[in-house]
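Below: one structure, written as structure tokens.
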Amino acid sequence: MSYEYSSDQAQLDFPNPYRVENMLWAARAGILLVCAVALLFLARKHLAVQAMGSFVVPVALGVFLFVLGAWNFISIAQQLRVFFGRGQPAGLAAELATDAVGTSPDANALMQTVRQGTLEFAIPSGALNGVLYSIVKNLITAPAYVQNVLQNRFSNLASYAFLLVVMLVAMLFVWDSPVQGWVGGFFLGLVVFMAVKPVSGGNAGAKVSFNLTQIVLLTLVAILGPVVLSFLQSSLPDLTWASFGVQAFVILLTLALIESVFFVAVQKHIDPPPPVSKVDTLGTASFNSDPNLLMQEIDREMQRNWAQRIPNRRYARVLPDIALNQRAGNFKGLLLEETQPMAPSAFNKMDWSAVMAYPRFFWLMVIDALGVVLTLAGTVALVVFAVRFDPMQDWRPVLGFATLGLSLVAVGGYAFRSAHQLWGRFDFESTLTWIEMEGSFIRSKIDLGNRLQDRVFTERDVINVENMTLRVWVTQLRSVVFGHQSHGSATRRIITGMLGQPKEAAYLKDLVTQFAGAQSIVVAPTSNEDARRMTAMGAMNQLGAVPAGQAALPPGSVADALLAAALPAGTSSGGPFEYLGASTQPRQQPSQSPARFCPVCGTKNEPDAGFCENCGAKLALASA
């Protein structure tokens, strides 16, 4: 049994439970094929002497056994290796996609089971089930699949026992009488159609039962039937040559033996009452932030705890609904996830030693061994029939070998199908985490900074949550699946035990509470660019805060501050603007030369003008 996730996860492999069954099933298939070949060789001998009647019957039987043996080998090939791929085994509820939210009825039922800390079991009904559950004390706590199987098999066993008693009573009245063959034929037909036919099909869970009316009628037939036949024996064909009664007795006895062994085998699959413990961790949390941030932190923690890096199965996810247009309101959020179900390490290899060591497998091996023996006996009877059958002579005495052989082969196949139901048992362990938060919120606005003095301040809309209720359940689950999807007969995964994990639940509660308390309500810069710009704005605040009576800022100071803020970090050389990263060298002011007046028109000109801007007269050069 292998999980197809990655090649380095050898711990995910566990033995193929069908290995021993395949060996015994191969023995049955080999017997059928050998018998089929033998029948065909016998038919070939009859064909050589042109005895067509002796040829057709062995050929038909040989072809039937050959097809049956080939089908058995095909079934073996299908279960040589059985894989559990992604998404297997099936989840306990409908799984949500990664970005989906919502829940489902199965998820709600699962949460209710965890909340109550109890596993629900169906209450049996009926008189026969009352007897069964009084014999098997712990059957009520077994998985529903095991209960249904054992109920059907107990009904079959009771029906076969009733037919045996009725047939023995009837045969006792007609022993060594001319009507013995007729009574035996009646019960042989009854056994074939009411016992062999239901179990010879593909449904291994077939149920054979008799209602009250049938029980009364069969009892009357067993007691009064021989008397009625004694009055009609003169007009009935002679059946003294037939051994129908013996065949019916042998078939019923083998069926009852299989059901008895299977009854014991099923009980070995009934564990003691499953351990169930409920541990819910309750806490409160107060914080100033969006509750959806808590769900994001929970998602991160769930991913950190993935089993073997396999994503969890998410069954329910409801995000807190914080309406933008509401100042106050209530919210509720929940998360329900299960880790990948893993197989417990009980044994490393399914072989004969493991089968002998575990009673759960030993009795299944006994049933398969009975199937091999019955198949061998049936094929021998068919070969004897083919050898003795001669349509040119009285073939009626050998007809019983054919009916008995076919019946034994069918019953042998029923034994294998019965055991196959329990060979394919797969147990799993997983961790179920359920987190539920519920509370109310109030929107408020908070300002940080002095609006009258500071040039820079911040404001933010804050979601305030007080005393939010936080509930955490962490439970280790034990579950079981019967059958595999490759056979099309996998059952739904059934929970067989729940164990609370208080330490894990407390850790998860503390993690969420601490994360909620660490949330900040201040909008602050975080990048290097934000820090550089805030430095420039701080410098502007300081330059703008000039005390009364002090001289105005010198020209160019604001520009110097902005230029200094634009410089890269580490270019400062000290001085009063060192925190800005600006140069501390004094700014060179232009020289203040006297104005020059025109000697002709008296117009005032710039100090460095060479001609008058009014009349154009040449101005004298300024003295040094």
On the formula 1/(1 + (r/R0)^6), with r taken between the Cβ atoms of residue 220 and residue 127 and R0 of 25 Å, the FRET efficiency rounded to 0.05 is 0.75
For the residue pair residue 369 and residue 284, what label-to-label distance in nm results when each label sits 7 Å from Cα along the Cα-to-beta-carbon direction? 6.7 nm
Run the reach check for residue 618 against lysines, Cα to Cα strictly under 26 Å, same-chain hits fewer than 8 apart removed. What comes back? 604
Sorted by chain and then number, the residues having a modelled amide H within less than 5 Å of the amide H of residue 321, at least 5 places away or on another chain, are 332
Carbon and sulfur %, accessible surface of the stretch 279-432 computed with the full protein complex present, 1.4 Å: 58 percent
Among 390, 321, what's the order by accessible area (1.4 angstrom probe), most exposed first? 321, 390
What relative contact order, as a whole-number percentage, does the stretch 108-194 give when Cα pairs under 8 Å and 6 or more residues apart are counted? 16 percent
Average accessible surface area per residue within the stretch 72-137, 1.4 Å rolling probe, Å²: 58 Å²
Give the calculated FRET efficiency between residue 44 and residue 71 to the nearest 0.05, with a Förster radius of 30 Å applied to their Cβ-Cβ distance. 0.80
Kindly write out, for the stretch 349-355 in residue order, the coupling ³J(HN,Hα) from the Karplus curve 6.51 cos²θ - 1.76 cosθ + 1.60 (θ = phi - 60°), rounded to whole Hz, with x marking Gly and Pro. 8, 8, 9, 5, 5, 5, 5
Å² of accessible area per residue within the stretch 329-407, as computed with a 1.4 Å probe and no ligands counted: 46 Å²
Which percent of the accessible heavy-atom area of the stretch 141-193 goes to carbon and sulfur, probe 1.4 angstrom? 76 percent
Taking 352, 434 and ranking on accessible area (1.4 Å, protein atoms only), highest first, one gets 352, 434
Output the pairs from 137/349; 137/503; 445/509; 137/207 with a Cα-Cα distance over 24 Å in this structure; if there are none, say none. 137/349; 137/503; 445/509
Can you put 339, 98, 103 in order of accessible area, largest first, using a 1.4 Å probe? 98, 103, 339
Can you compute the FRET efficiency between residue 511 and residue 194 using 1/(1 + (r/R0)^6), with r the Cβ-Cβ distance and R0 = 51 Å? Round to the nearest 0.05. 0.20
From the C-alpha coordinates alone, can you work out the Kirkwood hydrodynamic radius of the stretch 318-366, in Å? 16.1 Å
From the backbone phi of the stretch 361-374, what are the Karplus-calculated ³J(HN,Hα) couplings (6.51 cos²θ - 1.76 cosθ + 1.60, θ = phi - 60°) in whole Hz, Gly and Pro given as x? 9, 4, 6, 5, 4, 4, 5, 5, 5, 4, x, 5, 5, 5
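The values are calculated or read from the model by the stated rules, or taken from the named source; none is laboratory data. This is a predicted model, so every value here is computed, not measured. Methodologically, a virtual Cβ is constructed for each residue, glycine included, from the backbone with ideal geometry; neighbour enumeration extends over all protein chains shown. Just the protein is used for accessible areas: all its heavy atoms, side chains included, with ligands, DNA and RNA removed. Shrake-Rupley method; radii C 1.70, N 1.55, O 1.52, S 1.80 Å.
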